[in-house]
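The values are calculated or read from the model by the stated rules, or taken from the named source; none is laboratory data. These figures come from a predicted structure and were not determined experimentally. Virtual Cβ from ideal backbone geometry, glycine too; neighbours counted across all protein chains shown.
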Amino acid sequence: MSKLEIEIPPDEPVVIFHRVIRAAPELVFRMYTEPEHLRRWWGPRHLDLVVCEIDLRVGGRYRFVHRAPDGQEFGFFGEYRAIEPPHRLVQTFVYAGTPDNEAVETFTFEPVAAGTLIACRTVHSSIPARDAHVASGMEDGLTDSYQRLADLAAWLQTGISK
Amino acid sequence: MRVLPDEELDRAFAALADPTRRAILARLTSGEAGVLDIAEPFPMSQPAISKHLKVLEAAGLVSRRRQAKQNLCRLEAGRLKDVVDWLGTYREFWEASFARLDEYVETLSTGRSPS
């Protein structure tokens, strides 16, 4: 399985991630923009995507609601800024729990030998807004201590190898 | 899960952004150490290392105590875990999503109807 790479630059309000998916960019683009596809993968398995409304045009809006097994709901919404199938998608992203923090997400879908390299660059309004965003709305995610330890080890190693 | 206040998280991230400071933390994972011992492998002066230690201390990642005639530094593993947990929630969301996406595109390409 392809590895998710996340970068959190310390000095700009940005989160970047990369991931390879074994499908052509045309299909991956649809996975990101069509509700019947998004419902099947967006978010951890234990959260139901109970609302997935998409008005796919520049200036059009989308709205997603996740429901946890305990009934708690997490809402997300935003607006499409650029729709360039199959290579690029730009949208605003707001977690309903922190409606003042609007982020801008730029997804690019690049064809590679194994399928598609998804790159997402999220720009927040400020570094504290980014930090709050990353920490919020996902509190009920279950922890994978081993992955975290591995992350931590890798992170510390980057210091030693210099 | 405990979520750190923004300013503490910022301080921790700023402290961790520096490779020397990460190397100091890595050194401290093997146990408490004096400032001189910590400074030894680095090509910089002991005052420069002390400055880095102060940043780590202010970020809650390192604590110091005085023993005999020297300052001993210790890794505050709890704070480091808070920071890693913070990153972990984000990672989990996307890792879980992409694991599902992998399975989903697989069902589509094999022509089976997705369950």
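Here are the numbers:
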{"item": "Long-range neighbours under 8 Å by Cβ, at least six apart or interchain, first residue more than 7 Å from every other protein chain (Cβ to nearest Cβ) within region B:88-104, second of a type in the set (Ser, Thr, Tyr)", "result": "none"}
{"item": "Residue count, region A:105-121 (criterion: polar (S, T, N, Q) and either modelled with pLDDT under 90 or buried (at least 19 other Cβ atoms within 10 Å of the Cβ) (or both))", "result": "1"}
{"item": "Region B:16-26, residues that are surrounded by fewer than 21 Cβ atoms within 10 Å (Cβ to Cβ) and either of a type in the set (Val, Ile, Thr) or more than 7 Å from chain A (Cβ to nearest Cβ) (or both)", "result": "B:Asp18, B:Thr20"}
{"item": "Residue check for A:Pro25: crowded, with 19+ Cβ neighbours inside 10 Å, within 14 Å of chain B (Cβ to nearest Cβ) and at pLDDT 90 or above", "result": "yes"}
{"item": "Pick from region B:1-10, criterion at the interface with another protein chain (Cβ under 7 Å from one of its Cβ atoms) and part of a loop (DSSP other than H, G, I, E, B), ranking: modelled with the highest pLDDT", "result": "B:Val3"}
{"item": "Every residue from region A:28-51 that is loosely packed, with under 15 Cβ neighbours inside 10 Å and part of a helix (DSSP H, G or I)", "result": "A:Glu36"}
{"item": "Boolean, B:Phe13 is modelled with pLDDT of 85 or more and within 11 Å of another protein chain (Cβ to nearest Cβ)", "result": "no"}
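To keep it simple, each residue is scored yes or no on (1) in a strand (DSSP E or B); (2) in contact (Cβ under 8 Å) with a residue 24 or more places away in the chain; (3) surrounded by fewer than 15 Cβ atoms within 10 Å (Cβ to Cβ); (4) small (Gly, Ala, Ser).
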{"residue": "A:Glu53", "(1), (2), (3), (4)": "yes, no, yes, no"}
{"residue": "A:Tyr62", "(1), (2), (3), (4)": "yes, yes, no, no"}
{"residue": "A:Ile83", "(1), (2), (3), (4)": "yes, yes, no, no"}
{"residue": "A:Pro86", "(1), (2), (3), (4)": "no, yes, no, no"}
{"residue": "A:Val90", "(1), (2), (3), (4)": "yes, no, no, no"}
{"residue": "A:Phe93", "(1), (2), (3), (4)": "yes, yes, no, no"}
{"residue": "A:Ala103", "(1), (2), (3), (4)": "yes, yes, no, yes"}
